[in-house]
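Any read-out appearing in this document is the output of simple, stated calculations on the displayed coordinates, not a laboratory observation. Everything numeric in this text was worked out from a predicted model, so none of it was measured. We place every Cβ from the backbone using ideal geometry, glycine too, and count neighbours over all the protein chains shown.
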Amino acid sequence: MCCSCCCPPAITALFYLWLRSGFSKGTVAGALTFFPPDPPLYKFIRIGKNGDELPDHDDEIEAVEETEGDIKVENGDDDDSDLGTFDIDKQPSNGTASNNNASNPKSKNGQDQQEAEAPLDPITQMTERSNRLRRRAKIQARRDAADAKNGVTYRFVHDAESLGELPSFNGTITAVKVGPQKKTGTYIAALLYKLPASEITVKTKTILYSHGNAADLGAMSGLQCVIAKNLKCNVLVYDYSGYGESGGIPMEKNTYRDVKMMYEWAVNNITKPQLEKANNTEISPEQNIILYGQSVGSGPSCFLASRRSKVGGLILHSPFTSGMRVLTPSRALACLDIFPNIDRIKKVNCPVFI
């Protein structure tokens, strides 16, 4: 058994996190894998039905902490039965879209102040991070559900001070929130870079872009403008659960739910209407979707490509064989491995570009 007397602090922290999470591989792997930009490099400005900008929800943080039991947040790690079926095989998706400050302890004396400022041990750090992510998920769940009910739409604003101005793009950039996910109730933030109507044909492709780890919609905004403009395609890029304006908790299985939901949304809202408008029945809507996975994004992209034989193609940008193999070729920690791309790529039938 792992203990503090014989194991490095980080290993001990992982062991305790594993115990506290009910032996959840996803929770431990998520603590090692997902590091969204903090603060995010963009904002979704909320727009009311009358077109006016709505205030932010920053004042909800304390309210959610005080009524923590009001909202149930599913991490989605225990049950993955929802990942085996796709709504587009049965009927149109029901998904909807719409156009840490911890209080400082009061020090009684200098010794207390010194202890408060001392670095936290790994166990405390991981526990606090897990609690913080869950509080954030509760906040996001409340605001997204209310916004969907009230018909709120969104306008994308990137962090121009950090990223500079966006490259020119003569199409439209539409901010959407897609959801809720059936299992977790999460809404996912996404941007659709759409070509002008005059440039769209029945063969126009839509890239479903799954970005890397320490990135978000803001960080990727310049690249998506370049891709859409120069490749003459639409680009749909989304933030994983727990990233940016997306709700939920960043975990491996949640990324699968994210990409699955976005894929079905793209079919029902982009490629299928595109073909119906041209009265074309020879091309499958899925054929006009290209999956693009960068780094960590190769995981959800390989997952989806291995399950959708009609997808138009798969692009893997700096992919890895699996999550744990990035750290070590040893299989001693195989029980904690995530994103087994090396196994799933064998089941992919579409054209692949690496």
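Could you sort the peptides 262-274, 131-143 by per-residue average Cβ neighbour count (10 Å cutoff), highest mean leading?
262-274, 131-143
For the pair Asn50 and Phe35, label points projected 7 Å from Cα toward Cβ lie 4.6 nm apart. Structural descriptor for the stretch 132-214: relative contact order 22 percent, calculated from alpha carbon pairs under 8 angstrom and at least 6 residues apart. With the cut-off at under 14 Å, measuring from each backbone N in the stretch 230-248 to a point 7 Å along the Cα-to-Cβ line of Lys205 picks out 230-236. Note on Phe353 and Lys182: the model spin-label points, each 7 Å out from Cα along the C-beta direction, lie 3.3 nm apart.
Packing here is the average count of other Cβ atoms within 10 Å per residue, and on that basis the peptides 153-163, 243-253, 288-298, highest first, run 243-253, 288-298, 153-163. The alpha-carbon of Lys43 sits under 25 angstrom from the alpha-carbons of these lysines, leaving out residues fewer than 8 places away in its chain: Lys138, Lys149, Lys177, Lys194, Lys229, Lys260.
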